[in-house]
Each structure stands twice: as C-alpha cells, then as structure tokens.
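The values are calculated or read from the model by the stated rules, or taken from the named source; none is laboratory data. On a predicted model such as this, the values are computed, not experimentally measured, just so you know. Ideal geometry is used to build each Cβ from the backbone, glycine not excepted, and the neighbour counts take in all protein chains shown.
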Amino acid sequence: MEVEIMQVELKNGSTEIRAKAAGPHLKEILERKSSRRAELTVFDGRFITPEQRKKIYAMMNDIAAWTGYYPDEMKARMKYLYIEKTGKEMFSLATCSIETARQFLNVIIDFALENSIPLRESGIERTGDIFNYLVSCIHHKKCCICGRPADIHHLDAIGMGHNRMDYDDGKNEIIALCRIHHTIAHAKGRKSFCSLYHVFGVPKMSVESAYQGIFL
C-alpha cells in the first residue's frame, strides 16, 4: 500500500515519520493484525526498466499460451490479480515505477509456480528478485532451477550429535529442488551448487513470513 510522507524529523538520534494513506484500509489492516511495525519502501522516482518490461511480457505470453487467453486479456487479468494480492492501485506498464514493476513480476511468477505453468526459460532468468523467487518456490514446492515438482532440500545438514527429533532446524537454510537437482546438489556440495545456479538458501523459520511479504 502506498502512503504519502507528510513530515520527517530527527529526534534523539532516530528518524520519525508522519505519513498518510488514502481511505480506511491501512487502519483496518493494522487493527486486525494488532501491528505496530511496518516495512518502509522508498520510491526513488525511477520508472520501469526495459529489462523488467521484457520479463513481464515474456511471463504473460507463457501464461497466455498455457491458459488459452489472448496476451492482452492475460495482461488485464494479471493486473487485477496484482491488485487483489497487494491491495494496490491499477497502473500502466508504460509509466509505472521500478518498484511496482518488481512486485508485479513477483506476483506473476508466483502465479505461474502455484499453477505449474511451464516457462520457456527458467524462472531464475525471469525474476528480478531472487530472494522472493526462492521463497515462492519453497512455498509452492517447485524446483527453483527447472520448475518441476520439488522436495525441500536442507542446505545445512543436521550434524552428528544432534537428535533429529529434538533439534530445532528453524535457522537452517532450505531450498526447493526436484529429484534431479537434489542429486546434483548432493554431488557437488553446497558451495559449488549455489555458485553454479546462482541460488542460495532461505532460513526455514522465515519462509512463510517472507512469502506474505511478497504481496505487501
């Protein structure tokens, strides 16, 4: 949700911000979640990049081909999905901000993973936000390398001397891999595998909160 910053001042070494959001939606969310904390994203005035636009249209063309919709119809459907997921306003792919384009691409890729939609190239090549892509892959149990159905691979092995029944592995890093890439990961080892495919692990305990954060 976009807010307008009304006032900024420095007090006792901390920055205090007074902001305003249109309508009652934000107040209702904060009251419902009993939240006193929020993440701030500062729009820097930059517009959508040609690379972002290229990836977005590539995603929509693949989804359109799989669903049978015309590309323009699919673009409209994906925009409404973005509004539904994020609570944000309609936008134009010609003039939107770089941040809106980034989040829109995240929503489209998440939709493709959720619905097992085949892509002409790896999702790693399509995303502009590798962390959120890896989180979506874990959430939907899709291989982050090839998009096939995946199991959760633990990059941090539970060492000797730990009881698997009692050991808290919440801080251990995980990644979603199909059986083929799971085998490759074991064969190459963590460092070589992650370097080869330009991926990394996500702390197990933070996956679900990070997934919800994709749409905020």
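Against the conditions (1) in contact with a strand residue (DSSP E or B) (Cβ under 8 Å, 6 or more places away or on another chain); (2) in a helix (DSSP H, G or I); (3) assigned by TED's automatic domain parsing to the domain that holds R179, L113 satisfies every one except (3). Note on region 66-90: residues that are closer than 20 Å to I214 by Cα, touching a residue at least 12 places away in the same chain (Cβ under 8 Å) and not aliphatic (A, V, I, L, M) amount to 8. Condition test on G161, is it part of a loop (DSSP other than H, G, I, E, B), at positive phi and at pLDDT 95 or above? Against the criterion (part of a loop (DSSP other than H, G, I, E, B), at positive phi and at pLDDT 95 or above), G161 does not qualify.
Please work out if R120 is assigned to a helix (DSSP H, G or I) and out of contact with any Phe, Trp or Tyr (no Cβ under 6 Å at 6 or more places or on another chain). Answer is no for this residue.
Scanning region 195-216 for residues that are over 15 Å from C137 (Cα atoms) and without any contact (Cβ under 8 Å) to a residue 24 or more places away in the chain yields S195, L196. Applying the condition of being aromatic (F, W, Y) and in a helix (DSSP H, G or I) to region 167-216 and asking which residue is farthest from F111 (Cα to Cα) yields F193. Evaluate the following for M59: is it at pLDDT 80 or above, under 22 Å from I124 (Cα atoms) and of a type in the set (A, V, I, L, M)? For M59, the condition - at pLDDT 80 or above, under 22 Å from I124 (Cα atoms) and of a type in the set (A, V, I, L, M) - is met.
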